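Below is one structure. I have some questions about it.
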Amino acid sequence: MAALRERCRPAPQPSPRVSGSRGTARRSWRATPWLFLLVPLGFLVLFTYVPVTNMVWYSFTSWDGLDQTKDPVGFDNYVKIFTEPEIFSVFLVSIYYLVAALIQLALALYFATILSFRTRFRNLFKGVVFFPYLLNGVAIGLMFLYFFRPDGTLDALVALVGVNDPPHWLGDPSIANYALAMTSVWRFMGLNFVLFLGAIQSIPSELYEAADMDGATAWQKFRYIILPGIKQIVGLSMILAISGALSVFEIPFIMTGGANETSTFVIETINTAFTFSQVGLASAMAVVLLCIVLFISWAQRMIFPEGKSDLV
Amino acid sequence: MVVAAAAVVAVGCSPDDGGEGGLSGTITVLTNRTDVVDTRFQEYVQEFQRTYPDIDVEFEPLTDYEGDLQVRLNTNDYGDVLLIPDSMTKDQLPQFFEPLGSAEELGEAYRYVNEQAFEGQVYGLATFGVVTGYALNLDVWAQAGVTEPPATEEEFLDALQAIEAETDAIPYYTNYADGWPLTQWQNNQGAVVGPESVQERVASDAPWTPGQEQYAIDGLLYDIVDAGLAEPDPTTTNWEESKNLLVDGEIGSMVLGSWSIPQFHEAAEEMGVSQENVGFWPMPWQDDGTFQAASGGDYKIGISQHSENKEAARAWIDWFLTESDFAQDEGGIPVAVGSDLPDELVSFEEMDARLVEMAPVPEGEESLDSDIYNEAEIDLFGDQYRRSLIDSARGAASGDKDAFFADLNSRWGDARASVAD
């Protein structure tokens, strides 16, 4: 083993310098990658780890966001989160987005598969499917607000097929979450589509040729070549979908402001911090959400361990 | 650029230094008025520098004033002169702001001195005052046969019913989606029970009980929506559009502050409609046959505790509040005691409406109100619980008026008990 490692290590570079300076030359060579990393790592620490550390500290205080003193309250905030049912019940709204995310993955996979084969206007359709993802979330929120309002675009469309008394898409709480979740599907399907398309195109074409020779149908090609070939990406997308569904924010925040029973955990966190001046409690909520997402990512690694796809 | 130019002009005008009191230096003024910071504000500065040639005034406009400032206040660098954010509780004022003087003394010169005061000291002075009432389309109301302001809640609801029956207009528009127009309702505090309104609220375990002011205010909103007199789908409203709709006669009324009147006039002008169509009436609450309208200060302006130029900052504040035309330009009530109501509010004088200002809060209770409503998570000055109220009233959420108010009462009562501990 030791011999093997010795062989794998690159041979020492013959140094033209005298032996005295050799050590420093080598050290500076080793430091180079770190020098390159210094700036991005600095940003990472400054803008991610320092704020998160602060947030964890705030979560153990009763700070209101302004006061110069922060009173430590121990685990009170966490106890409150896990004992007050109203705080956790908003996670139920995430179920709408989770179901929508599954629909979104299925649609994205469908389009990616179709458009990875020779299709008429293939590039145009790729653009059409991906385009919504390029739009700004705020613009999408406003656009769909007009789309869903009474006598808006959607009402005009359903009137064409004879529905003259459409519901209030955002005003009726039993429909509002579906409307918002579908907006989210429209927006994010493009991203999944591109991920899937890229993965599908990396599958060697000989496999399809071989399948053709064996007389495989399109479904069989999908089931036995494409799906196993992009298993990793599908798994990753699932995890992104779940953590995305738990932390939905932009679309409901812009379109309904969380009113009308469309509030999500992140909207509740923002309200707690900035409407009710309970930054301590809100930080604790954010830490809880972070832990949940970390747990899901960990579970994903367990279920889909990293490694080669079992295609070849 | 304009600031620099103004400064050069000013310096050019007065070669000998030290104008009034020899004050000099540069002060930074944080403002939420991104719309007029490069125009009207620069004119004010030019005027100001006729008296104080050696003080430079620089503005820092903030689009999301409340949000940005909450973060800025955690540093020591938040300008010399700034508006006190609404989220600050009274007991925090001394941590961030310079005291401007005692409420008693300043009260002789300025209105609304009690609104940002703590332990008898004033930390912020209102930039202008507003009266809360409702903007209405007079034509629409006349078509429905109403030409006099309703004097009771019943008359008000009857008037809205008449609009619903006689015209095509939406009688009342909540502006639910934008949220902040719902907060305007809370500015009515004082109109029902008078200047001691806040003290009465914090002394009550159940403010949403008939006979109490909070019940009158929120109950009226509930009844309007419950009777189907508000817009059919409140979740897709739009403030900018609503101004045009009111001017155009498609909306009957909206509860707002008097600051909104110039905006309606502007909308009328753009649409080529007569400004005369837009009226502003006091809420339907009377005391002995006299309308009572709640009047309060807009943002209060104060001086940072970390300012290095407090005297110059004070000079700017005093000049801005008493000499500049800011209040008049806003259609607001000038804060100097004894100044006249703006033209927009002449109708209030004609109706003999009495303007109610808040009484000073007793020492030690300054932040009791906000402590209770934050603990209860009932955002009196926010839009959350009034949205839920409208959802309940329009049948989009379960529960009726009694159940909804009972829930508010129990949350308020519990929070009051826990704050008292």
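Need one word for the stretch A:80-303: rounded, prolate or oblate. Basis is the Cα gyration tensor (sqrt eigenvalues a ≥ b ≥ c); a/c below 1.5 gives rounded, then a/b vs b/c decides.
It comes out oblate by the Cα gyration axes.
Here is a follow-up. Given a cut-off of 35 Å, what percent of all Cα-Cα pairs of the protein assembly as shown lie beyond it?
When all Cα pairs of the protein assembly as shown are counted, 57 percent exceed 35 Å.
While we're looking at this one, here's another question. Could you please rank B:His306, B:His265, A:His168, placing first whichever residue has the fewest other Cβ atoms within 10 Å of its Cβ?
B:His306, B:His265, A:His168
Once you place label points 7 Å from the Cα toward the Cβ at B:Ala142 and A:Leu44, how far apart are they in nm?
Between B:Ala142 and A:Leu44, the label points sit 7.1 nm apart.
Just to verify a number: FRET efficiency for B:Asp86 and A:Ile292, C-beta to C-beta distance, R0 = 30 Å, to 0.05?
The computed FRET efficiency comes out at 0.35.
On to the next question. Could you work out how far the C-alpha centroid of the stretch B:319-357 sits from that of the stretch A:186-230, in angstrom?
When both Cα centres are located, 72 Å separates them.
Hey, rough spin-label estimate for B:Glu241 and B:Thr322, points 7 angstrom out along Cα→Cβ, what's it come to in nanometres?
Taking the simple label geometry, B:Glu241 and B:Thr322 are separated by 4.8 nm.
Excluding residues fewer than 8 places away in the same chain, name every one of the aspartates and glutamates whose C-alpha is closer than 16 Å to that of A:Lys231.
List returned: A:Glu306, A:Asp310.
Can you flag which of B:Lys243/B:Lys310; A:Lys126/B:Lys243; A:Lys80/B:Lys401; B:Lys90/B:Lys401; B:Lys243/B:Lys300 are past 31 Å Cα-Cα?
B:Lys243/B:Lys310; A:Lys126/B:Lys243; B:Lys90/B:Lys401, as the Cα separations exceed 31 Å there.
Using 1/(1 + (r/R0)^6) with R0 = 35 angstrom and r between the beta carbons of B:Asp414 and A:Leu227, what's the FRET efficiency to the nearest 0.05? Mind dumping the intermediate values first?
Numbers: r = 55 Å, r/R0 = 1.57.
E between B:Asp414 and A:Leu227, to the nearest 0.05, is 0.05.
To the nearest 0.05, how large is the calculated FRET efficiency for B:Thr39 and B:Glu105 if R₀ is 45 Å and r is the Cβ-Cβ distance?
0.80
Going by the alpha-carbon gyration tensor, a ≥ b ≥ c the square roots of its eigenvalues, is the stretch A:225-290 rounded (a/c under 1.5) or, if a/c is not under 1.5, prolate (a/b greater than b/c) versus oblate?
oblate
Tell me, what does the Kirkwood hydrodynamic radius of chain B come to in angstroms if you use every pair of distinct C-alpha atoms?
Kirkwood radius, chain B: 22.8 Å.
Over the Cα atoms of the stretch B:134-213, what is the Rg over Rh ratio if Rh follows Kirkwood?
Rounded to two decimals, Rg/Rh equals 1.05.
Please list, in order, the residues from the stretch B:53-81 whose amide nitrogen is less than 19 Å from a point placed 7 Å along the Cα→Cβ vector of B:Thr26.
Within reach of a label on B:Thr26, which here means backbone N under 19 Å from a point 7 Å along Cα→Cβ, the stretch B:53-81 contributes B:53-62, B:76-81.
While we're looking at this one, here's another question. In Å and whole numbers, how far do the C-alpha atoms of the stretch A:96-215 stretch along each principal axis, longest first?
Here the Cα extents, ordered largest to smallest, are 55, 31, 25 Å.
Cα gyration tensor of the stretch B:131-295, axes a ≥ b ≥ c as square roots of the eigenvalues: rounded (a/c below 1.5), prolate (a/b > b/c) or oblate?
Verdict is prolate for the stretch B:131-295.
Just want the ordering: A:Val128, B:Val122, B:Val29, from fewest to most Cβ atoms lying within 10 Å of their own Cβ.
Lowest count first: A:Val128, B:Val29, B:Val122.
Take A:Phe75 and A:Arg301, extend 7 Å from each Cα along the Cα→Cβ direction, and tell me the distance between the two endpoints in nm.
2.5
Just in the stretch A:217-312: which trypsin sites (Lys or Arg not before Pro) are loop by DSSP and have at most 12 other Cβ atoms within 10 Å?
Those satisfying the criteria are A:Lys308.
Quick note: the coordinates plus some simple rules give every number you see, no bench work behind them. Keep in mind that what you see is a predicted model, and the values were worked out from it rather than measured. We place every Cβ from the backbone using ideal geometry, glycine too, and count neighbours over all the protein chains shown.
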